[in-house]
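In what follows, a single structure is set out as structure tokens and then discussed.
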């Protein structure tokens, strides 16, 4: 299966404004790319790329005053299979975790493990450890939070999401991540492309947030927002929470004028 993905974004800046974006597929998928379109800007500006401490591809540039457009389109090959349930996966004792995984056990900007630890152990302490426990957490979060674009707030934390019971995909991810970390299960936040392949179209496409959980020596995908197997995930970036992986980091004010994301299957010839 081939999937076309990309974006067309326009912002307006009152002055020349340095920016960093994360919108490219991670290096692990480079071999799957079948068409990698250029990063187009209007007006044209110089851009450069680097890798952050998580290995995410970051692109930096200075957006000139006025309207500034950023766009790109790529095609990637996917196996076409939905996310796989793996109930046999086990938790790894903290003492046996690799050093680089330990950071994903700790509280972070949007994931207050100290505030939700008792709740997590009360609710999931007796659930079978491993995949079953993580899925139970996803089930709880999926049913606890009501998805509502109109109630999006960039400052909402996991604890606030639990209290308010509303939010968008990042709020589902933050709460599920926090509850997993409270149970000593390393969990990281993921941003990426996720189209409506194989499911009813729910509205305009957007970047999506989900999580990856470290079980049995590897990272595995879980998605409390959708809580069902999905096809064609394309990871852009991962980190401790949304603070590590902003789609656009602006070093100055800007106004979003246009935001279009595309992730769809390429029709067979």
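How large is the helix-only mean residue ellipticity at 222 nm for the chain, computed as the sum of -39500 (n - 2.57) over DSSP H runs with n ≥ 4, divided by its residue count, in deg cm²/dmol to the nearest 500? Working shown, then result.
Values: 4 runs with 47 residues, N = 269.
Rounded to the nearest 500, it is -5500 deg cm²/dmol.
Length gain on complete extension for the stretch residue 106 to residue 32, per 0.36 nm per residue less the alpha carbon to alpha carbon distance? All intermediate terms of the calculation are to be shown ahead of the outcome.
Working: separation 74, 0.36 × 74 = 26.64 nm, distance 3.29 nm.
23.4 nm is the gain from fully extending residue 106 to residue 32.
Using only Cα atoms and rounding to the nearest 10 degrees, what angle (0 to 90) does helix 113-124 make with the longest principal axis of the chain?
It works out to around 50 degrees.
Treating the angle as unsigned and between 0 and 90°, give the value, to the nearest 10°, between the Cα long axis of helix 131-144 and the longest Cα principal axis of the chain.
The helix 131-144 is inclined about 70 degrees to the chain.
Pop a pseudo-label 7 angstrom from the Cα along the beta-carbon direction at both residue 65 and residue 122 and give the gap in nm to one decimal.
5.6
Normalised by the number of residues in the stretch 94-243, what is the relative contact order in percent for Cα pairs under 8 Å and 6+ residues apart? Spell out each step's value before the answer.
Working: 260 pairs, mean separation 42.3, N = 150.
So the answer I get is 28 percent.
Explain nothing, just the number: relative contact order of the chain, from Cα pairs under 8 Å at least 6 residues apart, as a whole percent. Please report the intermediate quantities before stating the final value.
Values: 574 pairs, mean separation 79.5, N = 269.
Normalised by residue count, the contact order of the chain is 30 percent.
Run the numbers for residue 266 and residue 139: contour at 0.36 nm per residue of separation, minus the present Cα-Cα distance, in nm.
Values: separation 127, 0.36 × 127 = 45.72 nm, distance 3.21 nm.
Contour length minus the Cα-Cα distance gives 42.5 nm.
With a Förster radius of 30 Å, plug the Cβ-Cβ distance of residue 148 and residue 40 into 1/(1 + (r/R0)^6) and report the FRET value to the nearest 0.05. It would help to have the intermediate numbers written out before the result.
Working: r = 33 Å, r/R0 = 1.11.
Step by step, r from the Cβ atoms, then E = 0.35.
Could you please state, rounded to a whole Å, how far the C-alpha centre of the stretch 161-197 is from the C-alpha centre of the stretch 57-82?
Here the two parts' Cα centres lie 23 Å apart.
Bear in mind these aren't lab numbers, they're just calculated from the coordinates by the rules spelled out. Model, not experiment: these values are computed from the prediction. FYI the Cβ positions are ideal-geometry reconstructions off the backbone, even for glycines, and counts take in every protein chain you see.
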